[in-house]
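Novice: Below you'll find the structure I mean.
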Amino acid sequence: MRDTDAAFRQFYDGLRLPDYFGWNWDALSDCLRDLKWLSADHHVLIFKAADEALPSNTSGRRLLFKTLLRAGQHWSFTQRPEGIELGRLTIVMACDAGAVPFLQGQLRSCLDEMASP
């Protein structure tokens with residue numbers, strides 16, 4: 001994902017986003033929190049080389065990570081009368097071992113921003 005357009009294209013193609021997808025961060029967030037166009041009950045989104053996403057667009061990378069984190073939080077678990085079940089979407093952010101501290105720092109920073117008022 002070298003730029004924002006490529007990121008949206010990869011999500012559109014990879015997740016078979018609906019035709020009404022608006023090609024912006026809010027639209028991606030809406031789609032990731034909906035998933036009604038997908039027929040399976042559970043989905044796993046594997047984000048390879050997440051540390052390399054949008055390398056020349058720091059603010060875009062933060063928006064991407066926050067969008068994925070919010071979707072992950074939204075679908076993390078579903079409370080049902082009979083117990084807790086896995087949500088419909090699991091997001092795996094992968095990177096090379098050497099990039100783990102960088103990716104963890106980026107994600108932690110995004111989570112901190114999301115938690116602050």
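Novice: Restricting to segment 1-11, count the residues that are surrounded by 13 or more Cβ atoms within 10 Å (Cβ to Cβ) and either of a type in the set (Gly, Ala, Ser) or touching a Cys at 6+ places or on another chain (Cβ under 9 Å) (or both).
Specialist: Residues in segment 1-11 being surrounded by 13 or more Cβ atoms within 10 Å (Cβ to Cβ) and either of a type in the set (Gly, Ala, Ser) or touching a Cys at 6+ places or on another chain (Cβ under 9 Å) (or both): 2 in total.
Novice: Evaluate the following for SER76: is it closer than 20 Å to ARG2 by Cα, at pLDDT below 95 and either out of contact with any strand residue (DSSP E or B) (no Cβ under 8 Å at 6 or more places or on another chain) or among the polar types (S, T, N, Q) (or both)?
Specialist: Details: closer than 20 Å to ARG2 by Cα: no; at pLDDT below 95: yes; either out of contact with any strand residue (DSSP E or B) (no Cβ under 8 Å at 6 or more places or on another chain) or among the polar types (S, T, N, Q) (or both): yes.
No: the conditions fail for SER76.
Novice: Here's a check for you: in segment 12-31, which residue that is of a type in the set (A, V, I, L, M, F, W, C) and in contact with a Phe, Trp or Tyr (Cβ under 8 Å, 6 or more places away or on another chain) is farthest from ALA99 (Cα to Cα)?
Specialist: Initial filter on segment 12-31 (of a type in the set (A, V, I, L, M, F, W, C)): 15, 17, 21, 23, 25, 27-28, 31.
Okay, now just the ones that are also in contact with a Phe, Trp or Tyr (Cβ under 8 Å, 6 or more places away or on another chain), so 17, 21, 23, 27-28, 31.
Details: LEU17: 29, PHE21: 32, TRP23: 29, ALA27: 29, LEU28: 26, CYS31: 29 Å.
Restricting to residues being of a type in the set (A, V, I, L, M, F, W, C) and in contact with a Phe, Trp or Tyr (Cβ under 8 Å, 6 or more places away or on another chain), the top hit is PHE21.
Novice: Still on this model: Output the residue which, of all residues in segment 1-20 that are assigned to a loop (DSSP other than H, G, I, E, B), under 25 Å from GLN106 (Cβ atoms) and not charged (D, E, K, R), is nearest to the chain's Cα centre (by Cα).
Specialist: Among residues in segment 1-20 that are assigned to a loop (DSSP other than H, G, I, E, B), under 25 Å from GLN106 (Cβ atoms) and not charged (D, E, K, R), the one nearest to the chain's Cα centre (by Cα) is LEU15.
Novice: Follow-up. Right, GLY83: crowded, with 17+ Cβ neighbours inside 10 Å, modelled with pLDDT under 95 and of a type in the set (Gly, Ala, Ser) or not?
Specialist: Taking the combined requirement at face value, the residue does not satisfy it.
Novice: If we scan segment 18-25, do we find a residue that is under 23 Å from ALA115 (Cα atoms) and surrounded by 12 or more Cβ atoms within 10 Å (Cβ to Cβ)?
Specialist: Within segment 18-25, one or more residues are under 23 Å from ALA115 (Cα atoms) and surrounded by 12 or more Cβ atoms within 10 Å (Cβ to Cβ).
Novice: Then there's this: Would you check if ALA40 is among the small types (Gly, Ala, Ser), more than 17 Å from LEU111 (Cβ to Cβ) and modelled with pLDDT of 95 or more?
Specialist: When the stated conditions are applied, ALA40 does not pass them.
Novice: Run down LEU35, LEU89 and say which single residue is surrounded by 13 or more Cβ atoms within 10 Å (Cβ to Cβ), in contact with a strand residue (DSSP E or B) (Cβ under 9 Å, 6 or more places away or on another chain) and at positive phi. Let's see the steps before the verdict.
Specialist: Numbers: LEU89 fails: at positive phi.
Unique residue meeting the criteria: LEU35.
The values are calculated or read from the model by the stated rules, or taken from the named source; none is laboratory data. In this text the structure is predicted, and so the values were computed from the model without any measurement. So basically every Cβ, Gly included, is an ideal-geometry build from the backbone, and we count neighbours across all protein chains shown.
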